[in-house]
Amino acid sequence: MLEKEQGNEYFKEKKYAEAIDCYSRSIVLQPTAVAFANRAMAYIKMRRFEEAEYDCSEAIDLDDRYVKAYSRRGTAKKELGKLLDAIDDFEFALRLEPENKELKKQYEEARRMYGESIAKKIPEKKARVGIEELKSDPAVKAAEKGEIKAPLGRKPSSSSCDPALAKAPSKLEADPKKTESGVKQISSNRSQKQDSLASTPVVAARGASHAINSKNSQKQDLLASTQVVAARAASRAVSAVAKKMTAPKTAYEFEATWKIFSGDLSAQTELLKIIAPTSLQKIFKDALSAPLLMDIIRCVEHFFMENADFAVQFLENLTKIGRFDMTIMCLSTKDKAALRQMWDEVFVNERVPVDLQEALNRVRSKYCL
């Protein structure tokens with residue numbers, strides 16, 4: 001019995017370690033996408049997700065159309081917490097097998113888990129910010145130091161009274177003439193103190209309002225500054241990746257790199273320029289979607305006048321990708337109108353050499369124009 005088949009028998013018996021040994025020997029004898037994917041499944045059963053992810057990547061390198069490899073790598077990534085990467089794998093697998101119910105289930109589960117993880121992080125962040133603001137509150141700091149005063153209206157305890165006031169009643173009783181003036185003086189003092197206390201909250205409230213407004217303004221300035229710094233850092237990171245990027249060998253590699261440069265037309269254009277037009281059929285086989293096709297054509301438009309010969313070769317070889325006629329049919333009415341406009345206003349004009357115009361006319365019908 002072949003090692004791979006023996007591994008399958010062990011797997012059915014839930015002897016996953018023995019199955020892994022058999023698949024490993026099979027890989028040594030003849031490395032195939034199926035053998036790597038089978039060993040990955042055994043690793044998943046043993047919750048060894050990093051090894052499973054690696055084996056699935058090896059399987060995809062050998063066969064970039066092998067749906068089980070994408071599906072199992074998505075499962076491994078999901079368990080490792082790489083939810084966005086898992087979603088990408090499930091999405092690509094669904095493009096290869098759109099009616100696969102199990103894939104749809106895995107895809108929806110990964111999306112749900114990602115949504116829950118985002119929702120969970122937001123309240124935690126707000127709670128941390130709230131605690132820090134509470135700690136910085138002057139009243140809380142005063143409470144921690146034991147400096148909080150008795151609330152207004154509460155009768156002070158005898159231990160906190162002024163000794164002079166404590167003795168006042170005996171002096172007033174001893175000298176009736178001074179009683180009336182003493183009472184008036186005390187009453188006047190109390191009235192002044194009450195007026196002072198009444199005005200204090202207003203002043204404090206104004207000061208607190210000013211402090212809050214100032215703090216909010218500082219927060220907004222800090223947020224704007226942080227966003228600028230983050231944008232610059234992201235731009236530098238994309239530029240660094242663009243300088244080191246290599247031509248993709250599979251549709252999956254192409255889309256992964258394309259997404260990194262999403263919104264950066266110049267970087268996406270650089271990616272197209274390092275791809276030999278004649279390799280497009282091998283890269284995509286029959287996995288070119290209508291939205292991605294339009295994105296590529298827009299990039300071709302971007303550098304068309306700069307390098308018309310290369311651009312025309314690209315447009316020609318796109319039509320050689322499997323099921324291209326179906327892809328064109330899937331374009332929306334809006335995309336078809338945009339494509340026609342690009343073709344008439346950019347691709348076909350008097351500045352384009354005659355031989356290139358002839359080449360464009362030959363493929364025009366394939367774009368259903």
Going by what's in this entry, would K101 be described as at pLDDT below 90, of a type outside the set (A, V, I, L, M), open to solvent by 100 Å² or more (accessible area, probe 1.4 Å) and on the phi < 0 side of the Ramachandran plot? no
Of the listed residues (I60, I27, I44), the one being aliphatic (A, V, I, L, M) and more than 28 Å from I283 (Cα to Cα) is I44
Residues in the stretch 250-297 that are open to solvent by less than 10 Å² (accessible area, probe 1.4 Å), small (G, A, S) and over 21 Å from A86 (Cα atoms) total 1
Given the conditions (1) closer than 28 Å to I118 by Cα; (2) more than 25 Å from the chain's Cα centre (by Cα); (3) among the basic types (K, R), every one holds for K12 apart from (1)
E350 passes all but one of the listed conditions (1) more than 16 Å from L292 (Cβ to Cβ); (2) in contact with a Phe, Trp or Tyr (Cβ under 7 Å, 6 or more places away or on another chain); the exception is number (2)
With the first residue restricted to the stretch 326-346 and required to be without any contact (Cβ under 8 Å) to a residue 60 or more places away in the chain and under 13 Å from P291 (Cβ atoms), and the second required to be surrounded by 12 or more Cβ atoms within 10 Å (Cβ to Cβ) and of a type in the set (V, I, T), Cβ contacts under 8 Å at 6 or more apart or on different chains are T327/I321; L339/I297
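Conditions (1) open to solvent by less than 20 Å² (accessible area, probe 1.4 Å); (2) of a type in the set (F, W, Y), marked per residue:
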| site | (1), (2) |
| --- | --- |
| E3 | no, no |
| E9 | no, no |
| S24 | no, no |
| M46 | no, no |
| Y66 | no, yes |
| Y70 | yes, yes |
Margin query: When you check A69 against the structure, is it in contact (Cβ under 8 Å) with a residue 24 or more places away in the chain, more than 24 Å from the chain's Cα centre (by Cα) and under 19 Å from A287 (Cβ atoms), yes or no?
Written below: yes
Those helices (runs of 4 or more DSSP H) completely within the stretch 9-63 that have 3 or more residues that are β-branched (V, I, T) and more than 19 Å from D85 (Cα to Cα) are 16-29
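Please go through the stretch 285-301 and pick out each residue that is assigned to a helix (DSSP H, G or I) and modelled with pLDDT under 90.
If the condition is that a residue be assigned to a helix (DSSP H, G or I) and modelled with pLDDT under 90, then A290, P291 are the ones that fit.
The values are calculated or read from the model by the stated rules, or taken from the named source; none is laboratory data. Note that this is a predicted model, so its numbers are computed, not measured. For neighbour counting, all protein chains shown are included, and Cβ atoms are generated from backbone atoms with ideal geometry for every residue, glycine included. What goes into the accessible areas is simple: the full protein's heavy atoms, side chains included, and nothing from ligands, DNA or RNA. Shrake-Rupley method; radii C 1.70, N 1.55, O 1.52, S 1.80 Å.
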